[in-house]
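The structure appears right after this line, and notes come after that.
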Amino acid sequence: MRAQPLTCAIGAVVPDVNLGAASRDPALIAEIRGLLLEHKVLFFRDQDITRAEHVAFARHFGELEDHPVAGSDPDHPGLVRIYKSPETPNDRYENSWHCDATWREKPPFGCVLRCVECPPVGGDTMWANMALAYAKLPERVKEQIAGLRARHSIEASFGGAMPIDKRLALKAQFPDAEHPVVRTHPETGEKILFVNAFTTHFTNFHTAANVRYGQDYTQGAAALLQYLINQAMIPEYQVRWRWRPNDVAMWDNRCTQHYAVMDYPPCDRKMERAGIVGEATY
Ligand code: SIN
């Protein structure tokens with residue numbers, strides 16, 4: 001199996017593979033897993049596969065999980081529908097740099113996203129390599145953030161647009177999670193900058209070394225967190241994909257972030273995503 005890199009930072013196209021066939025071939029799955037670890041996002045064109053094949057392919061990498069806000073295909077649990085149309089003008093929340101579901105204690109391993117319908121222009125998705133983002137940080141920043149931990153919240157993100165009773169019920173079901181700001185990839189051992197749009201604050205910044213007076217807490221922590229979150233926006237760490245129907249993207253959610261560009265209203269865009277359960281970050 002060959003992979004054609006799209007940038008020097010992240011992403012490769014894998015031609016001549018049918019994921020339906022791959023879902024029945026453990027040797028192909030092992031090769032795809034190796035390529036995923038190498039390139040972090042893989043793209044497969046012309047995947048005219050069934051939903052059952054989509055799910056079966058993703059299941060080789062772990063259990064699938066539904067999303068508490070976005071609905072799933074009724075016949076294929078774990079296959080989340082990301083359907084956008086002019087009838088859902090406020091239902092547009094993928095256009096921020098994020099790593100999927102870090103509000104879970106065990107954020108996803110990765111996702112397999114298939115394009116069912118895309119607008120004639122626009123609606124691209126971008127990914128950023130967060131291992132590279134960490135590696136390129138100034139040494140003084142790496143020293144400052146070593147050992148820092150942060151809170152990730154579904155309440156402050158998806159919950160923000162809900163009435164208070166629904167928001168609190170969502171929070172009760174999915175309490176905030178805490179993760180290290182620098183995560184170690186469980187398979188490659190790479191260090192990864194692990195803060196994103198779901199991150200609300202550091203949880204162990206308030207030490208005598210960092211905070212003399214209350215003002216230090218607000219200014220120092222918030223500015224540092226925002227600086228780190230903004231690293232995903234650096235173009236040199238990114239790849240951008242122009243969708244065609246039946247394209248599939250598979251990403252390693254442990255070391256990437258992504259951004260779905262919302263530049264296509266009033267057109268429709270329909271994507272289906274199999275999210276694969278991950279592990280604790282410690
Ligand atoms: C997502 O944020 O997981 C979906 C990305 C997309 O719709 O392009």
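The values are calculated or read from the model by the stated rules, or taken from the named source; none is laboratory data. Remember, predicted model here, so these are calculated numbers, not experimental data. Here Cβ is always computed from backbone atoms with ideal geometry, including for glycine, and neighbour counts include all displayed protein chains. Heads up: the accessible areas ignore ligands, DNA and RNA and are worked out on the full protein's heavy atoms, side chains in. Shrake-Rupley method; radii C 1.70, N 1.55, O 1.52, S 1.80 Å.
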What tally of residues in the stretch 27-47 results from selecting those that are of a type outside the set (A, V, I, L, M, F, W, C) and within 19 Å of E187 (Cα to Cα)?
-> 6
Flagged in the stretch 104-125 as of a type in the set (A, V, I, L, M) and open to solvent by less than 30 Å² (accessible area, probe 1.4 Å), in numbering order, are V112, L113
Which of the residues that make up the stretch 234-266 are part of a loop (DSSP other than H, G, I, E, B), more than 9 Å from the ligand (Cβ to nearest atom) and under 13 Å from D124 (Cα atoms)?
-> R242, R244, P245, D247, M262, D263, Y264, P265
Under 17 Å from F198 (Cα atoms) and away from the ligand (no atom under 16 Å from the Cβ), is that true of G159?
-> yes
Does K106 satisfy the criteria of being under 19 Å from F198 (Cβ atoms) and either more than 16 Å from the ligand (Cβ to nearest atom) or small (G, A, S) (or both)?
-> yes
Going through the stretch 14-32 in order, the residues found to be open to solvent by 20 Å² or more (accessible area, probe 1.4 Å) and within 20 Å of R240 (Cα to Cα) are P15
Looking at (1) open to solvent by less than 50 Å² (accessible area, probe 1.4 Å); (2) modelled with pLDDT of 95 or more; (3) under 22 Å from A156 (Cα atoms), find the lone condition where L35 falls short.
-> (3)
Does K142 qualify as being under 27 Å from P235 (Cα atoms) and surrounded by fewer than 16 Cβ atoms within 10 Å (Cβ to Cβ)?
-> yes
Failed condition for F194, given (1) among the aromatic types (F, W, Y); (2) surrounded by fewer than 18 Cβ atoms within 10 Å (Cβ to Cβ); (3) at pLDDT 95 or above, with all others met?
-> (2)
Looking at Q231, Q226, which one is more than 10 Å from the ligand (Cβ to nearest atom), assigned to a helix (DSSP H, G or I) and either surrounded by fewer than 19 Cβ atoms within 10 Å (Cβ to Cβ) or without any contact (Cβ under 8 Å) to a residue 24 or more places away in the chain (or both)?
-> Q226
Within the stretch 101-123, which residues are more than 15 Å from the chain's Cα centre (by Cα) and either modelled with pLDDT under 95 or not in a strand (DSSP E or B) (or both)?
-> C118, P119, P120, V121, G122, G123
Taking only the stretch 272-282 into account, find how many residues are under 15 Å from the mean Cα position of the chain (by Cα) and either within 9 Å of the ligand (Cβ to nearest atom) or among the aliphatic types (A, V, I, L, M) (or both).
-> 5
Some residue of the stretch 146-160 being outside any loop (DSSP other than H, G, I, E, B), more than 19 Å from the chain's Cα centre (by Cα) and modelled with pLDDT under 95 = yes
Taking the stretch 188-210, which residues are touching a Leu at 6+ places or on another chain (Cβ under 6 Å) and part of a loop (DSSP other than H, G, I, E, B)?
-> T188, V195
Restricting the search to the stretch 126-136, which residues are open to solvent by less than 10 Å² (accessible area, probe 1.4 Å) and either assigned to a loop (DSSP other than H, G, I, E, B) or within 13 Å of the ligand (Cβ to nearest atom) (or both)?
-> W127, A128
